[in-house]
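Q: Submitted below is the structure of interest, expressed as structure tokens.
The values are calculated or read from the model by the stated rules, or taken from the named source; none is laboratory data. If you're wondering where the values come from, they're calculated on a predicted model, not measured in any experiment. Backbone-built Cβ (ideal geometry, glycine too); neighbour counts: all protein chains shown. In case anyone asks, the SASA skips ligands and DNA or RNA and just uses the protein heavy atoms, side chains included. Shrake-Rupley method; radii C 1.70, N 1.55, O 1.52, S 1.80 Å.
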Amino acid sequence: MILTGIGYDVHRLVRGRKLILGGVTIPYRKGLLGHSDADVLTHAVTDALLGAGGMGDIGRHFPDSDPAYKNADSLKLLATAWRKVTDQCFVLTNIDAVIIAQRPKLFEYIPRMEENIARALTVSIDVINIKATTTEGLGFEGKGKGIAAWAVATLAEAIDER
Ligand code: MG
């Protein structure tokens, strides 16, 4: 059995915050606003995995009303969410994700994002594909008001070797 899940997230870009994407701190004059570290890519990946597993969304597992998740490292939340999904006997086939940001240029940071996400999920880096695009100046991403991310995850049912 093959299962797919989709994840989408947006955070607002503001001054006085770090810009963290896929666990990589990226030098920029603004960062993403949120209760946790506001790692929009990692949140989209987490939601894609939870979606594929039929387990709701990140807000259900890690409510932003809970002080425990203030400034939380989103890679740790991802690892926890993935453990809950794998407990249902699924293996990860692939994750494909895209970050939508007009600025800064993200190309050079993508390999480290892929490494961080692969490590959090304890899978090979070959399973993780991350892309980035601008919107040619259109919309909130294009105006630099925020950054969005989409992710799709594909899971396969683990073979029962009992
Ligand atoms: Mg989020």
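Q: Which condition does D126 not pass, out of (1) in contact (Cβ under 8 Å) with a residue 12 or more places away in the chain; (2) assigned to a helix (DSSP H, G or I), if it passes all the others?
A: It is condition (1) that D126 fails.
Q: I need the strands (runs of 3 or more DSSP E) fully contained in region 1-41, keeping only those with at least 3 residues that are in contact with a Ser or Thr (Cβ under 6 Å, 6 or more places away or on another chain).
A: Fully inside region 1-41 and qualifying: nothing.
A quick yes/no check of all residues on (1) more than 18 Å from D9 (Cα to Cα); (2) within 16 Å of the ligand (Cβ to nearest atom); (3) among the small types (G, A, S):
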position: F62; (1), (2), (3): no, yes, no
position: S74; (1), (2), (3): no, yes, yes
position: F90; (1), (2), (3): yes, no, no
position: Q102; (1), (2), (3): no, no, no
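Q: Which count do you get for residues in region 100-114 that are assigned to a helix (DSSP H, G or I) and either of a type in the set (D, E, K, R) or open to solvent by 40 Å² or more (accessible area, probe 1.4 Å) (or both)? Before the answer, list the steps.
A: Here is the first cut: in region 100-114, the ones assigned to a helix (DSSP H, G or I) are 107-114.
Adding the requirement that they be either of a type in the set (D, E, K, R) or open to solvent by 40 Å² or more (accessible area, probe 1.4 Å) (or both) leaves 107-108, 111-112, 114.
Qualifying residue count, region 100-114: 5.
Q: Among R17, R83, which is the only one that is more than 23 Å from A153 (Cα to Cα) and of a type in the set (K, R)?
A: Answer to the check: R17.
Per-residue answers, yes or no, for (1) closer than 22 Å to L3 by Cβ; (2) at pLDDT 95 or above; (3) touching a His at 6+ places or on another chain (Cβ under 7 Å):
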site: D64; (1), (2), (3): no, no, yes
site: P104; (1), (2), (3): no, yes, no
site: E108; (1), (2), (3): no, yes, no
site: I117; (1), (2), (3): yes, yes, no
site: A120; (1), (2), (3): yes, yes, no
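Q: When the residues of region 45-72 are filtered to those that are over 15 Å from the mean Cα position of the chain (by Cα) and among the acidic types (D, E), which remaining residue is most open to solvent (accessible area, probe 1.4 Å)?
A: Checked region 45-72; the qualifying residue most open to solvent (accessible area, probe 1.4 Å) is D64.
Q: Given the condition farther than 30 Å from E157 by Cβ, within 13 Å of the ligand (Cβ to nearest atom) and among the acidic types (D, E), answer yes or no: does some residue in region 34-44 qualify?
A: Scanning region 34-44, I find at least one residue that is farther than 30 Å from E157 by Cβ, within 13 Å of the ligand (Cβ to nearest atom) and among the acidic types (D, E), so the answer is yes.
Q: Further question on the same structure: Does D87 qualify as being farther than 17 Å from W150 by Cα, open to solvent by 30 Å² or more (accessible area, probe 1.4 Å) and either touching a Pro at 6+ places or on another chain (Cβ under 6 Å) or not hydrophobic (A, V, I, L, M, F, W, C) (or both)?
A: Numbers: farther than 17 Å from W150 by Cα: yes; open to solvent by 30 Å² or more (accessible area, probe 1.4 Å): yes; either touching a Pro at 6+ places or on another chain (Cβ under 6 Å) or not hydrophobic (A, V, I, L, M, F, W, C) (or both): yes.
In short, yes.
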